[in-house]
Each structure stands twice: as structure tokens, then as C-alpha cells.
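Here, each number is a calculation from the coordinates, and none is a lab measurement. From a predicted model like this one, the values you see are computed outputs, not experimental measurements. Every residue, glycine as well, gets a Cβ built from its backbone with ideal geometry; the counts of neighbours run over all protein chains shown.
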Amino acid sequence: MVNDILIAAYRFPKRVIGVILRPYETYRKISSDGKPWELGFIAVCAVCYFATAAIVKTSLFRPFLLTRQFFALFSGAAATYIIAVGLFWTVGKLFGAKGTLRGLGISWGYTLLPTIVWFWVTSLLYVTVPPPRTTAPMGVAFSVLYLLFSATLLFWKVTLAYLSLRFALRLDLVKILATSAIVLSILAVYSVGMYWLGLFRVPFI
Amino acid sequence: MTDALYNKFVKRWEEVTDLPTQTVGPLTPFYKAFVKRLKVMPWPLLVAGSLVLVVGLYLLLGSAVTLLVTILQRGF
């Protein structure tokens, strides 16, 4: 087990750099020889964000409230990850997917990197440049830059999600689009539930 | 040495031919030209796509984009 953790620790930074610079080749490798322990390192990144978000979201610096907020965010994100992987696996199988659940789980885990970066930067900006934005030139300029940053990360996320389904489930473009349409419709309903629970206003998918 | 090189070549060949090539009918050349830019260092294309989207949003909504950003900033 220690060996597996050490191998994952050695691979994880390389994978992250690969996902940033050479996503296609890196995703091919992640789907074929990714180790479950790599998800642990992604979870650590997520935990760093949840800790930041718990502090930013909780107005009172009370340990109980911070811990409750932290566990609520962590449980919500973990549940969303499991549901998303389960849905993609189930619906993908209906369209003739041939891969492994392990490959899908690990490769989908890496698609959380853009999500974590966006949520983390947004929570920091909430403190440093708090909303609401005004229609003054500086407000519009910030808004345009922020939207540019958000859209770039969204496109990166879409690219990684596509590669995840392509390599882990071995689906073609049409089947990936059909699978995504069905799964995202279900996740949209689920996200409304998360919104009403007050966990994530923007879905942490 | 030759065997090692050959084995490496076979492994790479199997990796590349593992999935059938994606085609999209008459649009295949455009698809391939687009995807080629996403495989290695996709950031210029991602930023260019975002720029088009954001300029489109600004033309559509004007300074109301600040409302969208306010909602997103409270969305974490």
C-alpha cells in the first residue's frame, strides 16, 4: 500500500502538468494505468478549497460552524462525484461503452482540477474584490476578465470531460454527446437540489 | 537494443491504434484540424474561444455582464 501511495505521489504532479500541457496523451495514460490513490491527491486539493470556502462562507469564526460547513461541502462534492461517475457509467453502458469503471473514476477525478481551481480563485476573489460589481469602467473591465477566466476553465473542463469519456468508456463523438446530454440533464435537476440545500450555487461537477 | 526499440514501437502502435479514428463525415478535415490544436498546449485555442464567447456576451448584454459576474462570484 505504501508503494502505491508513493507511486501515486510521484505520478500526480506529472499528471497535473500533463493535463495542463498535453491533455490528450496524458488522459490516454490515466485511463489505462491510473491508480486509485491518485484520487486521494485530488481529494487533498479539494479539501484545501473546502477549508478556504468554509472560512469565507462562515461569517463567525466558530470551530463548530466551520467544521459543519466544511463537512457539508465535502460530502456534497463527494456525493456529486460518485453520482456523476455512476451516471456516466450507466448511461455510457447503454450506448455500448467498453472501458472500466476504475478508469472512468480516476480520469473523471482529474476533470475536477479546473472545477477546484475555479471555485478556489472565486472564493479568494470574493474576499479581495467582493461583489456586487458596478457598471463603472473598472467594474466592467474586471467582469470581462473574470468571464474570460471562467470561460477558459469551462472549455478546459469540457475538453477533459470529453477525453475522459473517450478513453475510459471508448465512446465516439456522437455517443459522447448523447451520453452527456442525458447525464447533464439529470445532474441539472440534482444541482437544483444542491442549490436549495445551500451547498453549491454553481454545481461542483 | 533493437528488441527494446521494437517493443517500444509495438507498445506505442497498440496505444495509438487502440481506439478507432474519430470521423464526422464531410467535416472530418475541420474536426481533425481543430482537435490537433487541443491535443498539445490547448491554451491559445481555449483562450481564443473564451474571448469570442465573452465578446459575444458583452455585445449581447452590454454592461449587464456585471450582473452575471456578481451572480457567479456569489456562486462558490
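Every residue in the range B:3-37 that is at the interface with another protein chain (Cβ under 9 Å from one of its Cβ atoms) and under 21 Å from residue A:158 (Cβ atoms), please.
B:19, B:22, B:23, B:24, B:31, B:35
For the range B:38-57, which residues satisfy the criterion of being part of a helix (DSSP H, G or I) and facing chain A (nearest Cβ under 7 Å)?
Selection gives B:38, B:39, B:46, B:47, B:49, B:50, B:51, B:53, B:54, B:57.
Residue-wise test of (1) surrounded by 14 or more Cβ atoms within 10 Å (Cβ to Cβ); (2) without any contact (Cβ under 8 Å) to a residue 24 or more places away in the chain.
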site	(1), (2)
A:168	yes, no
A:171	yes, no
A:177	no, yes
A:183	yes, no
A:187	yes, no
A:193	no, yes
A:197	no, no
A:200	yes, no
A:205	yes, no
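Of the residues A:85, A:44, A:16, A:56, which is part of a helix (DSSP H, G or I) and within 27 Å of residue A:186 (Cβ to Cβ)?
Among A:85, A:44, A:16, A:56, only A:85 is part of a helix (DSSP H, G or I) and within 27 Å of residue A:186 (Cβ to Cβ).
It is to be established whether one or more residues within the range B:7-20 are part of a helix (DSSP H, G or I), surrounded by 14 or more Cβ atoms within 10 Å (Cβ to Cβ) and not β-branched (Val, Ile, Thr).
No, the range B:7-20 contains no residue that is part of a helix (DSSP H, G or I), surrounded by 14 or more Cβ atoms within 10 Å (Cβ to Cβ) and not β-branched (Val, Ile, Thr).
Looking at the range A:121-137, can you tell me whether even one residue there is assigned to a helix (DSSP H, G or I), over 21 Å from the mean Cα position of the chain (by Cα) and within 23 Å of residue B:52 (Cα to Cα)?
Yes: one or more hits.
Could you check, for the range B:18-30, whether at least one of its residues is among the charged types (D, E, K, R) and out of contact with any helix residue (DSSP H, G or I) (no Cβ under 7 Å at 6 or more places or on another chain)?
Yes, because at least one residue in the range B:18-30 is among the charged types (D, E, K, R) and out of contact with any helix residue (DSSP H, G or I) (no Cβ under 7 Å at 6 or more places or on another chain).
Where residues in the range A:79-108 are under 21 Å from residue A:12 (Cβ atoms) and among the polar types (S, T, N, Q), which of them is surrounded by the most Cβ atoms within 10 Å (Cβ to Cβ)?
Only one residue tops the list, namely A:107.
Out of everything in the range A:151-165 that is facing chain B (nearest Cβ under 7 Å) and out of contact with any Gly (no Cβ under 9 Å at 6 or more places or on another chain), what residue ends up being farthest from residue A:90 (Cα to Cα)?
Top of the filtered list is A:156.
Only one of (1) surrounded by 13 or more Cβ atoms within 10 Å (Cβ to Cβ); (2) hydrophobic (A, V, I, L, M, F, W, C); (3) without any contact (Cβ under 8 Å) to a residue 12 or more places away in the chain is not met by residue A:9, so which one is it?
All conditions pass for residue A:9, except number (3).
Name the residues in the range A:144-187 that are touching a Pro at 6+ places or on another chain (Cβ under 8 Å) and assigned to a helix (DSSP H, G or I), would you?
Hits for the range A:144-187 are A:153, A:154, A:156, A:157, A:159, A:160, A:163, A:187.
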